[in-house]
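Reading through the structure tokens given below for one structure.
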Amino acid sequence: AQRVITGGNMDPDWALLRLARALPDPAPILQKSIETRMPLLMSGYSRRGEPAQDTALSWDDRCRVTGREGRDVRSNCRVLRGASGGAVFARDRSAATYLGVISRGDSEALSIFVPLERFRRRITPYLRSG
């Protein structure tokens, strides 16, 4: 993968990558608003110990949106410290839809994510349709 553009610092904590090969079935981008109690799936690579290279994929697929924190979204997802920048998806029975990126949390019962709506305008010129 090659880095195309980033949010620039910890607040927006995102990066757009161009993959060498296309994903076989990429998640679509959410086209509606984020609602309280919306079922979520969060996933990211968290640091489980020292050294920092010791990483493991962590995820929570049994959580929901619980509200807003300023321009960001609160959830009861449990993802481990270091998973910042990982993907957040709305989930339903048939598919996952991309919502944004993990920003911060307490590694127990609170994770806050930056919704795609905050940076969509910056990445749109780099997206291919179809």
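Here, each number is a calculation from the coordinates, and none is a lab measurement. If you're wondering where the values come from, they're calculated on a predicted model, not measured in any experiment. Reconstructed Cβ throughout: ideal geometry from the backbone, glycine too, with neighbour counts over all protein chains shown.
Data overview
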item: Relative contact order (%) - criterion: Cα under 8 Å, at least six apart; region: the chain; result: 23 percent
item: Highest-MSF residue in the chain out of D25, D61, D72 [GNM, Cα springs under 10 Å]; result: D25
item: Spin-label proximity, I5 to segment 22-38 - amide N less than 18 Å from point 7 Å beyond Cα toward beta carbon; result: 29-30
item: Placed amide H near S103: partners under 5 Å, 5+ positions off or other chain; result: G85, I112, F113, V114
item: Cα centroid of segment 4-38 to Cα centroid of segment 62-130, whole Å; result: 8 Å
item: Inter-probe distance in nm under a simple model that places probes 7 Å from Cα toward Cβ, at Y45 and A95; result: 2.8 nm
item: Segment 63-130: trypsin sites (Lys or Arg not before Pro) in DSSP loop, at most 16 other beta carbons within 10 Å; result: R71, R81, R93, R128
